[in-house]
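Working notes, beginning with the structure itself.
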Amino acid sequence: MTDSPQPDSDSPAVDSLPVELPAVELLNGLPEVVADPDAFARAIADIGAGHGPVAVDAERASGFRYGQRAYLLQFYRRGSATWLIDPIAVGDLSPLAEVLHDPVWILHAASQDLPCLREVDLEPRRLFDTELAARLLGRERVGLGPLVESEFGRHLVKGHGAADWSTRPLPPSWLKYAALDVEVLVDLYDILNADLRASGKSEWAEQEFLAVLNHRSSPRRDPWRRTSGMHQVRGRRALATVRSLWLAREDLAQQMDLSPGRILSDAGIVAAAMLDAPDRGVLAERPEFRRSHAARHLNRWWTAMQEAQALDEADLPPTTLPSEGPPPPRLWRERDPIAADRLARARAVLAHTSERLRVPVENLLPPESLRRWAWQPITPINTSTVASALTTWGARPWQVDVLASDLAAIGDPPPSAD
């Protein structure tokens, strides 16, 4: 018997070489974009003639245009073609909404697309979110591309998600990307739905999907406070400058239908607010204000800064906004050691339950629900009071069922000997 040949020590091991997966291909060739009444009528009839759930996706122009408007809508349903619809060109989408009223909608990371779909009066009555389903099933990677690789052994070409989808005409490679994103969803739905049933997690998923459907974001108070770099700004007068510039930029961005950051960067707003002595000439020399849109509208920015400087002291914004919830957890040990211990032990319960159920911690319980309960629980602490509190703070019934008794067992630590 002869020895087997040994690999060259300088050559990479065969097992370490990346495996090139075959690419996902279009089902029925490259679709054209529906942009006129006749094509829209054909799309409605074809989608209506299909069967089963309908895969839905939307492409926006975030970072390019103002707001989160959809510039392309994608639909695929078994028994029909893949349809790419330009909602701007088509206008009234109510006939499409009627056809889509009954079927389950399959979306990936639905919370990202539902707001722009609602903006054009499209909203599912029933939803299946493939990303959420994958999370509940304990899949290690839940992005659409990785899921397609793990479930189908194929490579999904990505790379155009952050493109300017208001571009017309759309390049063929973008259209292929858009079509594939919905064509893979129906088969993925079949696999994940079957696995949810087999694992006894179907009801959990239904509750999660319903929560996504019912969620509506509340208008944020003082959205200008989310300007990147705000931590560098000191003093109420400087905060007023940030607010004034932010509002001026927002108004102009809406008029021009451009992303605010393409007109004036957050860094420019912060730099202007931090000037020791506001001066138009100094402002004009700042690199952030020498770019095209920022330079062209310098008078607007200077006027906004002067308005902030002229405000009475009583009209200046407060340094911080009052908080309705508990303080940041990093402050708990100092302010309430018992609550800090309770939160630490509750997090340990969640970590153990996460491992046991193969559900990520962040999907076991909304973090805000946990913090609010741990900071000020209803007493006495028992399964009933924990369940009531978690429900009040947004936990779903399945989350309460799997966590309430274990969290109740935490109780409170004994008083300190000191």
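Might you let me know whether segment 356-377 holds any residue that is free of Cβ contacts under 8 Å to residues at least 24 places away in the same chain, under 26 Å from residue 138 (Cα atoms), over 25 Å from the mean Cα position of the chain (by Cα) and not assigned by TED's automatic domain parsing to the domain that holds residue 132?
Yes; the residues of segment 356-377 include at least one that is free of Cβ contacts under 8 Å to residues at least 24 places away in the same chain, under 26 Å from residue 138 (Cα atoms), over 25 Å from the mean Cα position of the chain (by Cα) and not assigned by TED's automatic domain parsing to the domain that holds residue 132.
For segment 155-171, check the following and say yes or no: at least one residue is assigned to a helix (DSSP H, G or I) and surrounded by 21 or more Cβ atoms within 10 Å (Cβ to Cβ).
Checked segment 155-171: no residue is assigned to a helix (DSSP H, G or I) and surrounded by 21 or more Cβ atoms within 10 Å (Cβ to Cβ).
Here residue 351 passes the criteria (1) at pLDDT 95 or above; (2) surrounded by 14 or more Cβ atoms within 10 Å (Cβ to Cβ) except the one numbered (2). Checking each residue of segment 173-191 against the condition of being surrounded by fewer than 16 Cβ atoms within 10 Å (Cβ to Cβ), over 30 Å from residue 402 (Cα atoms), more than 20 Å from the chain's Cα centre (by Cα) and not charged (D, E, K, R) gives at least one match.
Residues in segment 77-89 include at least one that is over 21 Å from the mean Cα position of the chain (by Cα), crowded, with 18+ Cβ neighbours inside 10 Å and among the hydroxyl-bearing types (Ser, Thr, Tyr).
Could you please let me know if residue 298 is within 27 Å of the chain's Cα centre (by Cα) and closer than 28 Å to residue 68 by Cα? Spelling it out, it is not the case that residue 298 is within 27 Å of the chain's Cα centre (by Cα) and closer than 28 Å to residue 68 by Cα.
In segment 194-223, the residues that are of a type in the set (Val, Ile, Thr) reach residues that are surrounded by fewer than 16 Cβ atoms within 10 Å (Cβ to Cβ) with C-beta atoms within less than 6 angstrom, at least six apart or across chains, in these pairs: 212/111.
Does residue 75 qualify as being touching a residue at least 60 places away in the same chain (Cβ under 8 Å) and in the same structural domain as residue 117 (by TED's automatic domain parsing)? When the stated conditions are applied, residue 75 passes them.
Let's see how each residue does on (1) of a type in the set (Val, Ile, Thr); (2) surrounded by 15 or more Cβ atoms within 10 Å (Cβ to Cβ); (3) part of a helix (DSSP H, G or I):
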residue	(1), (2), (3)
220	no, no, no
241	yes, yes, yes
267	no, yes, yes
271	no, yes, yes
283	no, yes, yes
299	no, no, yes
304	no, yes, yes
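Scanning segment 115-124 turns up one or more residues that are buried (at least 20 other Cβ atoms within 10 Å of the Cβ) and under 16 Å from the mean Cα position of the chain (by Cα).
Exactly one residue among 252, 247, 210 is in the same structural domain as residue 125 (by TED's automatic domain parsing), hydrophobic (A, V, I, L, M, F, W, C) and either assigned to a helix (DSSP H, G or I) or surrounded by 19 or more Cβ atoms within 10 Å (Cβ to Cβ) (or both), and that residue is 210.
Restricting the search to segment 391-408, which residues are within 15 Å of residue 207 (Cα to Cα) and either assigned to a helix (DSSP H, G or I) or free of Cβ contacts under 8 Å to residues at least 24 places away in the same chain (or both)? Within segment 391-408, 391, 397, 398, 399, 400, 401, 402 qualify. If you go through segment 310-353 and keep only what is touching a residue at least 60 places away in the same chain (Cβ under 8 Å) and among the β-branched types (Val, Ile, Thr), you end up with 319, 338, 349.
The single residue among 120, 99, 104 that is within 17 Å of residue 61 (Cα to Cα) and of a type outside the set (Phe, Trp, Tyr) turns out to be 120. Can we say residue 59 is acidic (Asp, Glu), modelled with pLDDT of 95 or more and surrounded by 12 or more Cβ atoms within 10 Å (Cβ to Cβ)? Answer is yes for this residue.
The values are calculated or read from the model by the stated rules, or taken from the named source; none is laboratory data. Just so we're clear, the structure is a prediction, and the values are computed from it rather than from any experiment. Every residue, glycine among them, receives a Cβ derived from its backbone with ideal geometry; neighbour counts consider all protein chains shown.
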